[in-house]
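The values are calculated or read from the model by the stated rules, or taken from the named source; none is laboratory data. Quantities reported herein were computed from a predicted structural model and do not represent experimental measurements. Virtual Cβ from ideal backbone geometry, glycine too; neighbours counted across all protein chains shown. When the accessible area is computed, the model is the full protein with side chains, heavy atoms only, and any ligands, DNA or RNA have been set aside. Shrake-Rupley method; radii C 1.70, N 1.55, O 1.52, S 1.80 Å.
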Amino acid sequence: MRRRTFLLLPPALLLAGPALSAPDVPAVAAPGRIARVRLGKADQPPKAYLDKRRVLVMRERGEWVALAGIALGTRADSMLLVEVEYGDGRRESRQVSIIPRGYPVQQLAVAPDQADLAPDQVPRYQKERGHLQQVLRTFTEPAPASVALRQPVPGRRSGSFGMRRVINGVARSPHSGLDIAADEGTPVAATAGGRVIDAGDYLFLGNTVVLDHGQGLLSLYAHLSAIDTKKGVALAPGAGIGKVGATGRATGPHLHFAVYLNATAVDPAIFLPRAGV
Ligand code: ZN
């Protein structure tokens, strides 16, 4: 359940707090963004949960903080509850007030056979969707040293996260990543150090690589023309993972770059340097 009504702490205490300075990330508890929840000082790292799913917890200036991804579909003005489990067995709940954030709408007209899956593609699509959902639920213990990320390929940000797409008059799922325009074959670099947890060819995403950076922080790279790594490989920040392409459902060469926290797609731009390239 996303909305709960009982109050344990005044929400004002748990709003975003001051914006963090570099290399930290700005936290605004809005759909598609991240809530920053202060967990206090403790010897052992606390565990935090949102909707029963582990949330990234890291150390920041001598205390523990949880960074929780807020799903795009979360209603503004609702409340989320982050459950905290301390090393000494203490359990607490922290309430997060969701503030509104609008995303642009993009109207697209495409040929009908491009808008929908052919019936014989549906089983493949469903299988892939199940597999990817499982991959994106990956949670491994070591926390990343930082959640600041580097742009995986230089280029103009051509399609923004959260864009609500209406195709031939029918609302589709919002855009779950950031599109970066680049020429076919441009090398794509790991946004941070991490382990390859998936590499495959998917109907919509084309050739895709998913990296695990720790504590549920994942990055995904799609529409690649070539994959230059494989599942299980540990990569240094900036290591090559593949080349820009237009595989899967893509209108031209670009990188679809997505970032996940607690299995929730959040705006990758939050984590990137402001200049972009
Ligand atoms: Zn995209």
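The apolar share of the surface of the chain, taken as the fraction of accessible area on carbon and sulfur atoms (1.4 Å probe, ligands and nucleic acids excluded), comes to 54 percent. For the chain, the 222 nm mean residue ellipticity estimated from helices alone, with every DSSP H stretch of n ≥ 4 adding -39500 (n - 2.57) and the total spread over all residues, rounds to -2000 deg cm²/dmol. Once the chain from Lys127 to Ala236 is taken as fully extended at 0.36 nm per residue, the excess over their C-alpha distance is 36.1 nm. Only Cα pairs under 8 Å and 6+ residues apart enter the sum, and on that basis the relative contact order of the chain stands at 19 percent. With all protein chains kept in place, the per residue accessible area of region 51-165 amounts to 57 square angstrom at a probe of 1.4 angstrom. The calculated FRET efficiency for the pair Leu203 and Gln44, based on their C-beta separation and a Förster distance of 30 Å, comes to about 0.10.
Highest mean packing comes first when the peptides 139-146, 156-163 are listed by Cβ atoms within 10 Å, giving 156-163, 139-146. Considering the dipole of the chain built from charges on the beta carbon (Lys and Arg +1, Asp and Glu -1) around the Cα centre, which of Gln133, His223, Ala48 is farthest to its positive end? Farthest towards the positive end: Ala48.
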